Number of protein chains: 4
Amino acid sequence: KSHTPSGYRKSCWYEEEIEENLRWSFALNSILHTAATQYQDIALLDTKPFGKALVIDGKLQSAEVDEFIYHECLVHPPLLHHPNPKTVFIMGGGEGSTAREILRHFSVEKCVMCDIDEEVVEFCKSYLVSNREAFCDPRLELVINDARAELISRKECYDVIIGDLADPIEGGPCYKLYTKSFYEFTIKSRLNPCGIFVTQAGPAGIFSHTEVFSCIYNTLRQVFKYVVPYSAHIPSYADTWGWIMASDSPLLLSAEELDLRMKQRIEGENRYLDGKTFSSASTLSKAVRNTLENETHVYTEGTARFIYGHGKHNQE
Amino acid sequence: KSHTPSGYRKSCWYEEEIEENLRWSFALNSILHTAATQYQDIALLDTKPFGKALVIDGKLQSAEVDEFIYHECLVHPPLLHHPNPKTVFIMGGGEGSTAREILRHFSVEKCVMCDIDEEVVEFCKSYLVSNREAFCDPRLELVINDARAELISRKECYDVIIGDLADPIEGGPCYKLYTKSFYEFTIKSRLNPCGIFVTQAGPAGIFSHTEVFSCIYNTLRQVFKYVVPYSAHIPSYADTWGWIMASDSPLLLSAEELDLRMKQRIEGENRYLDGKTFSSASTLSKAVRNTLENETHVYTEGTARFIYGHGKHNQE
Amino acid sequence: KSHTPSGYRKSCWYEEEIEENLRWSFALNSILHTAATQYQDIALLDTKPFGKALVIDGKLQSAEVDEFIYHECLVHPPLLHHPNPKTVFIMGGGEGSTAREILRHFSVEKCVMCDIDEEVVEFCKSYLVSNREAFCDPRLELVINDARAELISRKECYDVIIGDLADPIEGGPCYKLYTKSFYEFTIKSRLNPCGIFVTQAGPAGIFSHTEVFSCIYNTLRQVFKYVVPYSAHIPSYADTWGWIMASDSPLLLSAEELDLRMKQRIEGENRYLDGKTFSSASTLSKAVRNTLENETHVYTEGTARFIYGHGKHNQE
Amino acid sequence: KSHTPSGYRKSCWYEEEIEENLRWSFALNSILHTAATQYQDIALLDTKPFGKALVIDGKLQSAEVDEFIYHECLVHPPLLHHPNPKTVFIMGGGEGSTAREILRHFSVEKCVMCDIDEEVVEFCKSYLVSNREAFCDPRLELVINDARAELISRKECYDVIIGDLADPIEGGPCYKLYTKSFYEFTIKSRLNPCGIFVTQAGPAGIFSHTEVFSCIYNTLRQVFKYVVPYSAHIPSYADTWGWIMASDSPLLLSAEELDLRMKQRIEGENRYLDGKTFSSASTLSKAVRNTLENETHVYTEGTARFIYGHGKHNQE
């Protein structure tokens, strides 16, 4: 019954609506696994352009070929800027890649990963081969809980706390983990002296940085003395992504010092980050710098309580 | 990193270019199996709108939820019009569904299925659960060979010969199995007295019937005394499909006689075809009837030799 | 900056979600006009596979190359079955094609077209060239009003009343125009003796006929003595479509009588419909016939009031 | 006939295959103009996410909302690094945006734009409103010719020569304008002392920079003493883009000096580029830096003559 005996096009596609009017589609080799957890839908896809891709609730979380950009940028700047990071707490991070990068640091003695969705963690443990070693590392302590509740309940403090969470969308599951009061009362009280906090901070492109990046930045600078935003283009996200590092100790290392610490402290070699790359990544472009400078919005629980949107970004 | 914590759209799709400017896309549950044989690429997909779908070289071959329309229309009209069909020869049909329908006829003692692609047959045997019984039926003789070579080499004749092949595209693999000389010298000499030939005959919609349906009809009426074209809309094909039945014995049964024979001769009940349905299906609409009446093109090997296209339909 | 200096693919597409999991896409030449009326969004597109296409609220209404199938099937069966149709009332039909087909009947003296959306009517008047003559015909009376209110307010009766409306979706704009009480009290009282009612009746494919086709059929047979359902595959709709004709006078004409009346009564020649085509169209396939036979649901205002869905089909 | 009376999705899309397995799609407001010239197909689309978009041969050339990134990066770094740029020659640039940025420099007395496709230039002149002023500037000399032939035929030299051409794809229209011999014998002999050459240099993302960016870099450093590659993420391209500036005079300005010159020499304010942005843009990330360092391929006509591909990138 076939019409065309040869010369046909790729026919299976993964399609994501990056915005309402913008689509990003990858040809598929296969759909490796799908599952529905209590909190979200998960899929592991084998895509032609970006390799294996983890998709949660219809949004690409990380792709095999370039997840190293996201995870090196999230983990290494705070750990390298810390004089001697021994204990790290990850809020979220169930995929395991954040832990994997942390555990490459020789100094790290304990890494707590606190994710709310046990099934996502189990899914990633089973299927993400490159994180298997990290999941088995005896320095990793895996906790299934709400990250805020867990941090509050714990007595101990950490050298570095890492936010590897969904964006702060009002009404979304993670909004409370981006508010001024959370940073002020929970995060700060769980950081050791010289401790550093870092969070993924949403898209940071020339247009998209106004969605949440600038607000997270402005919220953090209400609370910490030193705040360093930086960004990198991640091909599979079709955008430039942002992270923000914050501390009450100065965050000032030259490219050369960073390179030296990487050599001394990290097992193996980074694929994305070195001193010059971080220096470029933390020099934001004019328009982004200007927005950050002039941002006045602060994430607070009160704001959330009263503005409350329907899955929309808070733009006050 | 997820942006939208809930309320997302289906993200994996099978997409087929029905024509250069027309696309038909099904949301996917999963890609069950893919394989590349010596002749073609095969995939078994689990689609949301049409269930499991067999795709060869980027073209949907049959879908779980409506393949019964195609296969009941291909098989039952010739077998029912024959007084007592005992032996049937299928050219192609590696999927197994054509054999399955044939073997529902109590009168059938032997069914030869001759497909050129062993790997497709093995693939379907393994994965198409609903045809498993047919593949195991002792009345089925499975041959891997070119159908023309096989028919020529065989001495025996058949009550019904069924063409379940790709469309007659010049330069395509099946062109020679639709020519006047093939019908005249090979098919006719392998039909028993009162024998009936039937072939799938490509799309038969109000526009698409001029592609190959009318030419197959005109070629067959050069060779056989009685030729009956009929058609049915198949949702997963996004078109009306055509079949043509031909014989040197009259092909005249009323809806009532067809219903009676179905009851007497076929195991179980048809899902698509009954007497009235066939009567409607064999009453073509005005435009299609007119084209068939006035068609002058005849498929010949000579035509093929000189016009020869690049995977395009022959339109002389 | 271009990467590929030649050999590229069509890049502008119209895409419709026929169902949640099924998409139908046409390559575009251009977007001719778009407008937002009080009630709906309209667009006139120039598509490659189907010519100019009228799209309302993201749903294809009619396409240049095959709208004749829909409109010939809607109009000619009731007008031909009527002994001498002089007056016709169209509920909806703002596109103008229904009026165009009606006005081809020599016997018609008056045709009322009652559409609620003045802007759609103006849009079609301006842009649908093939209906211009019809819009200027002195026998046409154009009324902007709700069809039910208009019919109730009028004293006069009609030989034929035609429902050219959106499907009866609960909560949709046209639900009330498909209920038993509307048929019983409004339609019947506005039909002359021997009057015939016809309505488009939604998709009528092997699967899709259960959505509304069978319910409209069952509702009509509660009210009229003679009810004739029929269907035809419309390529641009990617489905078989249905219409239902109803009257208290018998609706029995042979194919030959229909052909004769077409010749005598209609200006020009039909492109789709002739006697045999109607005979085939009104012989439904087995599964559809069975559903219609066994359908028990009746559209009533009460049903609507209590079940009320959100743009979903009523499946009780 | 409409099924869904409300709540539908965007239905017209522009779709580009960035690579064979990667698609980028924009919702469309309208297709403003389309034309076929002697050399290429052009379209001006009104897209929802990126405003008006110029598409040539199925590839997005520039989009209203972010073309300023590409054109500021192409033009200002060479003009600012030059002590006093009076004369500029643009190879290609028919869109007009490159000329527009050049003519913002007070020092510029003459700007030659040499594009081979008169119809593209006329199309852009007519439809790209934001470049109208530039097209009318008396300092602009517009020439329709092959840029190489034009440069060879001219006696005069220029302070800055700008390559605003399609990528160097073997067999493509612009390959010869990226070869070592062209740079050595044509470009160099048409540059004044202290002259600077700049060229767009294709995608420069973490993966895509190996396509042509690294080879253009390596070819230029065979010919010029000072070569500065830089890059920026352009949202509508779904990638990071690259440019390379080359000269026999040193190209060393601090961020502060650049900011000062911008203020003194350029009319109005840049939207993308300032000193810090250029400093970040010209600090490439680790992987890109390594590839550029180790690149050995040089574009030559000989290479082209013998390897010659079919619209594929040269990867030797």
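A compact table of results
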quantity	calculated
Selection count, the stretch A:19-34, where residues are surrounded by 17 or more Cβ atoms within 10 Å (Cβ to Cβ) and β-branched (Val, Ile, Thr)	1
Number of positions in the stretch C:109-129 that are more than 23 Å from residue C:43 (Cβ to Cβ) and either in contact with a Leu (Cβ under 6 Å, 6 or more places away or on another chain) or assigned to a helix (DSSP H, G or I) (or both)	1
Residue within the stretch A:146-155 that is under 22 Å from residue A:34 (Cα atoms), surrounded by 20 or more Cβ atoms within 10 Å (Cβ to Cβ) and either touching a Pro at 6+ places or on another chain (Cβ under 9 Å) or outside the structural domain of residue A:37 (by TED's automatic domain parsing) (or both) present	no
Qualifying positions in the stretch C:83-95 - more than 18 Å from residue C:177 (Cα to Cα) and crowded, with 24+ Cβ neighbours inside 10 Å	C:85, C:95
Qualifying residue in the stretch A:9-18 (condition: surrounded by 17 or more Cβ atoms within 10 Å (Cβ to Cβ), among the hydrophobic types (A, V, I, L, M, F, W, C) and over 20 Å from the mean Cα position of the chain (by Cα))	yes
Test: residue in the stretch B:201-219 that is within 14 Å of chain C (Cβ to nearest Cβ) and aliphatic (A, V, I, L, M)	yes
Single residue of C:47, C:37 found to be surrounded by fewer than 21 Cβ atoms within 10 Å (Cβ to Cβ) and outside the structural domain of residue C:237 (by TED's automatic domain parsing)	C:37
Condition check for residue C:114: under 19 Å from the mean Cα position of the chain (by Cα) and in contact (Cβ under 8 Å) with a residue 60 or more places away in the chain	no
Test result for residue C:247, small (Gly, Ala, Ser), more than 30 Å from residue C:15 (Cβ to Cβ) and at pLDDT 95 or above	yes
Qualifying positions in the stretch C:155-184 - away from chain D (no Cβ under 14 Å) and at pLDDT 95 or above	C:156, C:157, C:158, C:159, C:160, C:161, C:179, C:180, C:181, C:182, C:183, C:184
So residue D:230, is it more than 9 Å from every other protein chain (Cβ to nearest Cβ), touching a residue at least 24 places away in the same chain (Cβ under 8 Å), in contact with a Pro (Cβ under 6 Å, 6 or more places away or on another chain) and buried (at least 19 other Cβ atoms within 10 Å of the Cβ)	no
Qualifying residue in the stretch A:83-93 (condition: touching a Lys or Arg at 6+ places or on another chain (Cβ under 8 Å) and without any contact (Cβ under 8 Å) to a residue 40 or more places away in the chain)	no
Subset of the stretch C:188-212 [in contact (Cβ under 8 Å) with a residue 60 or more places away in the chain, in contact with a Ser or Thr (Cβ under 9 Å, 6 or more places away or on another chain) and part of a helix (DSSP H, G or I)]	C:209, C:210
Out of D:258, D:273, D:253, sole residue that is within 16 Å of the chain's Cα centre (by Cα), at pLDDT 95 or above, under 21 Å from residue D:88 (Cα atoms) and not in a strand (DSSP E or B)	D:273
Single residue of the stretch A:209-223 satisfying the filter (surrounded by fewer than 23 Cβ atoms within 10 Å (Cβ to Cβ) and touching an Asp or Glu at 6+ places or on another chain (Cβ under 7 Å)) that is farthest from residue A:65 (Cα to Cα)	A:223
Residue selected from the stretch B:86-100 under the condition in a loop (DSSP other than H, G, I, E, B) and under 13 Å from the mean Cα position of the chain (by Cα), by the criterion farthest from residue B:72 (Cα to Cα)	B:94
Selection status of residue C:283, modelled with pLDDT of 95 or more and assigned to a helix (DSSP H, G or I)	no
Test result for residue D:224, touching a helix residue (DSSP H, G or I) at 6+ places or on another chain (Cβ under 9 Å), without any contact (Cβ under 8 Å) to a residue 60 or more places away in the chain and not in a helix (DSSP H, G or I)	yes
In the stretch A:285-301, the residues that are in contact (Cβ under 8 Å) with a residue 12 or more places away in the chain and under 25 Å from residue A:175 (Cα atoms)	A:288, A:291, A:292, A:295, A:296, A:297, A:298, A:299, A:300, A:301
Every residue from the stretch D:249-290 that is more than 10 Å from every other protein chain (Cβ to nearest Cβ) and within 22 Å of residue D:165 (Cβ to Cβ)	D:251
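Residue by residue, here is whether (1) touching a His at 6+ places or on another chain (Cβ under 8 Å); (2) assigned to a strand (DSSP E or B); (3) farther than 25 Å from residue A:271 by Cβ holds:
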| position | (1), (2), (3) |
| --- | --- |
| A:107 | no, no, no |
| A:132 | no, no, no |
| A:142 | no, yes, yes |
| A:149 | no, no, yes |
| A:169 | yes, no, yes |
| A:176 | no, no, yes |
| A:182 | no, no, yes |
| A:186 | no, no, yes |
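The values are calculated or read from the model by the stated rules, or taken from the named source; none is laboratory data. Keep in mind it's a predicted model, so treat the numbers as computed, not measured. Note that each Cβ is placed from the backbone with ideal geometry, even for glycine, and that neighbours are counted across all protein chains shown.
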